[in-house]
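This report concerns only the one structure given below.
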Amino acid sequence: MRHLVWFRTDLRVADNPALYEAAADGTEVEAVYIDCPGQWQEHGKSAMQRDFLSRNLQALNEQLAQLGIPLTVLTVDTFAEVPGLLARWLEERTFDALYANREIGIDERRRDKAVQQILPIPCRVYNGDCVVDHGSLITRGGDMFKVFTPFAKSWLARLSAGGYRLLPMPAALGEPLPFKPPNLSGERVSSEAWPAGEAAAAERLTQFCQLSLRDYGERRDFPADDGTSSLSPYLALGIMSPNQCLAAIEAELEQLPFSRGEPGFAWLNELIWREFYRHLLVAFPRLSMGRAFKPDTEALPWSRDDEGFRVWCEGQTGYPIVDAAMRCLKQTGWMHNRLRMIVASFLTKDLHIDWRRGEAWFMSCLIDGELAANNGGWQWAAGTGADAAPYFRVFNPTTQGERFDAEGDFIRRWLPELTEVPARMIHAPHDWLDNQSPGHGYPKPMVDHGRARLHAIAMFDALKDREAV
Ligand SMILES: Cc1cc2nc3c(=O)[nH]c(=O)nc-3n(C[C@H](O)[C@H](O)[C@H](O)COP(=O)(O)OP(=O)(O)OC[C@H]3O[C@@H](n4cnc5c(N)ncnc54)[C@H](O)[C@@H]3O)c2cc1C
């Protein structure tokens with residue numbers, strides 16, 4: 001028997017169901033990765049994530065070589081060419097079955113369906129990206145949950161009843177192979193700040209659990225603090241699995257936390273949000289197609305202010321917490337969750353610009369860009385999503401800064417023009433700057449938040465009025 005494993009967003013050898021099942025009983029295994037640079041561009045993904053992907057593919061190749069599993073990297077432009085390419089490639093080889101872990105975007109699902117139709121061998125597909133498989137948690141009415149809290153309750157009940165399954169890496173299937181580093185084409189921006197590979201991800205996970213898991217709930221909202229795990233780039237490309245996160249929690253706390261208030265629960269809850277958005281993406285394909293979860297919100301009259309959008313992207317809005325966050329994103333490819341919420345609220349509720357433009361900008365910058373979480377986060381902030389922030393809850397960028405970066409430490413890290421501004425003035429520094437530092441160059445606030453907030457609420461109220469007519 002010979003099995004082929006098709007790696008996609010599951011670049012790991014441990015807890016990889018497709019690889020584990022393919023290699024069961026010592027079956028001979030080969031691996032393939034299909035790079036689609038045109039599709040990467042079409043999905044608007046970042047040059048930094050591409051670099052991270054390339055480096056992690058090298059790390060995977062090294063791991064597979066140690067196990068005696070050869071990896072071939074094939075290249076075509078887009079997903080549309082993948083079925084034909086695989087069929088031709090397989091004509092010259094003999095395999096009994098293809099193994100892969102499921103990908104959840106609509107383009108990926110269409111590609112996989114076409115592959116299954118064209119290939120002469122069975123395709124075996126597994127859940128490798130969620131603790132609880134998509135589609136397996138449903139309401140009493142048989143539908144996907146549209147609200148997080150009951151989803152989380154059901155998710156926790158499933159975990160409590162059935163636990164989770166952590167698969168080992170397969171035993172070596174042959175002598176170590178010579179290692180040929182694959183190299184991906186296309187625009188790349190250095191991602192060296194993030195070490196590549198499963199071992200690096202595991203080390204980060206262990207460190208986080210030892211140092212920050214217990215007080216994550218208290219520290220997670222402060223961007224100047226290092227209180228979150230920074231594991232999102234690894235989870236996004238499948239270098240780490242959510243089961244591995246659960247195992248690390250259990251190893252640290254000696255049990256899994258099942259209710260609010262237990263140490264570590266706040267972090268587990270974020271992993272459940274991740275699964276909520278992934279389950280939604282599978283249940284509602286329109287989310288992969290740039291459509292709002294709440295169809296009525298498609299009628300919102302978003303502003304076409306290109307200049308406002310540019311100013312937001314560049315971090316020149318005149319609101320320090322927004323600007324620091326946006327400049328951090330552009331330079332590092334990563335942004336703290338509290339800041340993602342603040343800047344997303346600012347774009348949609350203060351500038352009234354379509355969430356889809358923000359979603360696309362994030363995708364083009366993020367090293368952890370991932371359709372389900374990015375779309376979920378943007379639609380949550382914009383008030384168009386499942387279990388979204390209520391439309392009348394508009395983040396005030398000044399008071400958010402005061403609450404979550406009280407001393408301005410994060411702001412000063414990214415806005416050199418504000419280095420000298422004292423903490424009590426840092427969130428509204430304009431008067432101080434005009435008096436103490438003429439010619440400072442920091443812009444005045446581009447909008448009046450109070451007025452912008454009322455306008456946003458009126459936009460949503462008008463939707464309700466349309467429904468009532
Ligand atoms: C507008 C917006 C856009 C976002 N875009 C993305 C994205 O493209 N990719 C991405 O991975 N996350 C995204 N998030 C979710 C969240 O901001 C990041 O996952 C988190 O900041 C990553 O940091 P961390 O690894 O330190 O997270 P931790 O706080 O340590 O959380 C652990 C893991 O849980 C998951 N997670 C945490 N919060 C969320 C959440 N709110 N929704 C879904 N999953 C979550 C992530 O995989 C994260 O790595 C977005 C949130 C918003 C509001």
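Structure values in brief
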| item | result |
| --- | --- |
| Anisotropy class of the stretch 2-128 from Cα gyration tensor, a/c 1.5 cut | oblate |
| Residues K464 and A171, FRET efficiency given R0 of 60 Å [Cβ-Cβ distance, rounded to 0.05] | 0.50 |
| Pairwise label distance in nanometres, Q66 with K113, each label 7 Å out on the Cα-Cβ vector | 4.0 nm |
| Rounded if a/c under 1.5, otherwise prolate or oblate - the chain, Cα gyration tensor axes | prolate |
| Accessible carbon and sulfur surface of the stretch 307-361 relative to its total accessible area, %, 1.4 Å | 55 percent |
| Residue-by-residue Karplus 3J(HN,Hα) for the stretch 196-207, coefficients 6.51, -1.76, 1.60, Hz, glycine and proline x | 8, x, 4, 5, 5, 5, 5, 5, 4, 5, 4, 4 |
| For F395, residues with placed amide H under 5 Å, excluding near neighbours | none |
| At R0 = 30 Å, FRET efficiency that the Cβ-Cβ distance of R140 and R393 yields, to 0.05 | 0.55 |
| Helical contribution to [θ] at 222 nm, DSSP H n ≥ 4, -39,500 (n - 2.57), averaged over the chain, rounded to 500 | -14000 deg cm²/dmol |
| The stretch 376-443 - percent of accessible surface contributed by carbon and sulfur, probe 1.4 Å | 48 percent |
| Integer Hz, Karplus 6.51/-1.76/1.60 couplings in order for the stretch 123-136, x for Gly and Pro | 10, 10, 10, 10, 8, x, 10, 9, 5, 10, 5, 4, x, 8 |
| Table column - 3J(HN,Hα) (Hz), the stretch 403-416, Karplus curve with 6.51, -1.76, 1.60, x for Gly and Pro | 6, 9, 9, 3, 7, x, 4, 5, 4, 5, 4, 10, 10, x |
| Sparsely packed trypsin sites (Lys or Arg not before Pro) within the stretch 313-399, loop by DSSP, other Cβ within 10 Å at most 16 | R393 |
| Inter-site label distance for F258 and D431 at 7 Å from Cα along Cβ, in nm | 5.5 nm |
| Gained length - T332 relative to A193, 0.36 nm times residue gap less alpha-carbon distance | 49.2 nm |
| Accessible surface, per residue, of the chain when the full set of protein chains is kept, probe 1.4 Å, Å² | 43 Å² |
| Where GluC sites (Glu not before Pro) in DSSP loops with at most 16 other Cβ within 10 Å are excluded, longest remaining stretch of the chain | 255-406 |
| Long pairs among K444/K464; K45/K294; K153/K330, criterion Cα-Cα beyond 31 Å | K444/K464; K153/K330 |
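The values are calculated or read from the model by the stated rules, or taken from the named source; none is laboratory data. Everything quoted here is computed from the prediction, not taken from an experiment. All Cβ positions, glycine included, derive from the backbone under ideal geometry; neighbour counts span all protein chains shown. Heavy atoms of the whole protein, side chains included, go into the accessibility calculation; ligands, DNA and RNA do not. Shrake-Rupley method; radii C 1.70, N 1.55, O 1.52, S 1.80 Å.
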